[in-house]
Amino acid sequence: MDDPLARYFSLVEAEWPQTNIANLRFSLETLFEGVTLGGSRVLDVGAGDGRQSFYAASAGAVRVVALEPEAAGSSGGVRAKFESIANRLGDESVEVRSDTFQDYEPGGERFDVILLNAAVNHLDEEACTSLHRDSGARDTYRQLFAKLADMSADGSKLVVADCARRNLFAQLPVRNPLAPTIEWEKHQQPRLWCELLTEAGFADPHLRWTSLNTLRTPGRVLTGNRVAAWFLRSTFRLTMTRRAAGTFSAGG
Ligand SMILES: C[S@@+](CC[C@H](N)C(=O)[O-])C[C@H]1O[C@@H](n2cnc3c(N)ncnc32)[C@H](O)[C@@H]1O
């Protein structure tokens, strides 16, 4: 089998037998929609077991750095899983590192695509919880996003996907059956992320409320909006573009 994407999906099928491949394919294609992976250098922050990292490499990325410290929000053993898949794929373009984003030293390397999939809130959960009302927490995220901007090539794409804070079930004494483990208070609205990322030097925001993968394209039309998201899982994808050096001054 020499199609790298076909190889990736057949490996996923073997490694994660409970995964519905068609749903995964749809979710990955929508996650990276409008993002050029071919020939790119990708940073996957909070990479988990590497589903997105290996997809990016199989879709043509020339280098993928995956940060997975098994910290907040992690399911145990994800890095071991990551490494076992790396061995099976034999793809040397993917490097997994145990550094947190805070500790990672890129050594001057710049990336064309930076992904934070279900990870932005975990970078500093305490700060994230009070980000909408606490200037100290904002400063913490300002520093994190300044670092993110420093390692982004001019014109690079940033993809931030997460749950928003507001959801019907955040106000009810019952768990959301579609997202029973979500701690809504540890999330923030995409508008707030966008505001802080704009300050850091990212521009051209595109926000999409994510629909249920099982409903595919019709689901995007029917449920890919803020109101439906509030009733469902409140998941969003925000993409932004790194402004070129010289077109940006702090605060503007
Ligand atoms: C909910 S998981 C998401 C994993 C993966 N991106 C996915 O979508 O399946 C969040 C991940 O962020 C990682 N993480 C937490 N704090 C981090 C930090 N400071 N720097 C980098 N990664 C971090 C955790 O180890 C965890 O695997």
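Can you go through Leu192, Leu172, Leu178 and tell me which one is under 20 Å from Leu31 (Cβ atoms), aliphatic (A, V, I, L, M) and surrounded by fewer than 19 Cβ atoms within 10 Å (Cβ to Cβ)?
On the way: Leu192 fails: under 20 Å from Leu31 (Cβ atoms); Leu172 fails: under 20 Å from Leu31 (Cβ atoms).
Just one listed residue meets the conditions, Leu178.
Total residues in the stretch 131-141 satisfying the condition of being assigned to a helix (DSSP H, G or I) and surrounded by 15 or more Cβ atoms within 10 Å (Cβ to Cβ): the figure is 4.
Here's a check for you: in the stretch 103-112, which residue that is in contact (Cβ under 8 Å) with a residue 12 or more places away in the chain and either in contact with a helix residue (DSSP H, G or I) (Cβ under 7 Å, 6 or more places away or on another chain) or more than 14 Å from the ligand (Cβ to nearest atom) (or both) is farthest from Ser156 (Cα to Cα)? Ranking the candidates gives Glu109 first.
Of the residues making up the stretch 169-190, one or more are more than 26 Å from Ser98 (Cβ to Cβ), more than 16 Å from the ligand (Cβ to nearest atom) and at pLDDT 95 or above. In the stretch 85-102, of all residues being buried (at least 18 other Cβ atoms within 10 Å of the Cβ) and not in a loop (DSSP other than H, G, I, E, B), the one that is nearest to the ligand (Cβ to nearest atom) corresponds to Val96.
Screening Ala66, Ala22, Ala59, Ala47 for residues that are among the small types (Gly, Ala, Ser) and over 20 Å from Arg110 (Cα atoms) leaves exactly one candidate, Ala22. Scanning the stretch 120-138 for residues that are more than 11 Å from the ligand (Cβ to nearest atom) and within 25 Å of Asp204 (Cβ to Cβ) returns Leu131, His132, Arg138.
Counting only helices (runs of 4 or more DSSP H) that sit completely within the stretch 1-84, those holding 1 or more residues that are within 24 Å of Leu238 (Cα to Cα), touching a Leu at 6+ places or on another chain (Cβ under 7 Å) and touching a residue at least 40 places away in the same chain (Cβ under 8 Å) correspond to 51-58. Does the stretch 61-81 include one or more residues that are more than 11 Å from the ligand (Cβ to nearest atom), at pLDDT below 95 and of a type in the set (A, V, I, L, M)? Yes, some residue in the stretch 61-81 is more than 11 Å from the ligand (Cβ to nearest atom), at pLDDT below 95 and of a type in the set (A, V, I, L, M). Report the residue count in the stretch 216-252 for those that are among the hydrophobic types (A, V, I, L, M, F, W, C), at pLDDT 75 or above and either part of a helix (DSSP H, G or I) or more than 13 Å from Val159 (Cα to Cα) (or both). Of the residues in the stretch 216-252, 8 are among the hydrophobic types (A, V, I, L, M, F, W, C), at pLDDT 75 or above and either part of a helix (DSSP H, G or I) or more than 13 Å from Val159 (Cα to Cα) (or both).
The values are calculated or read from the model by the stated rules, or taken from the named source; none is laboratory data. From a predicted model like this one, the values you see are computed outputs, not experimental measurements. We place every Cβ from the backbone using ideal geometry, glycine too, and count neighbours over all the protein chains shown.
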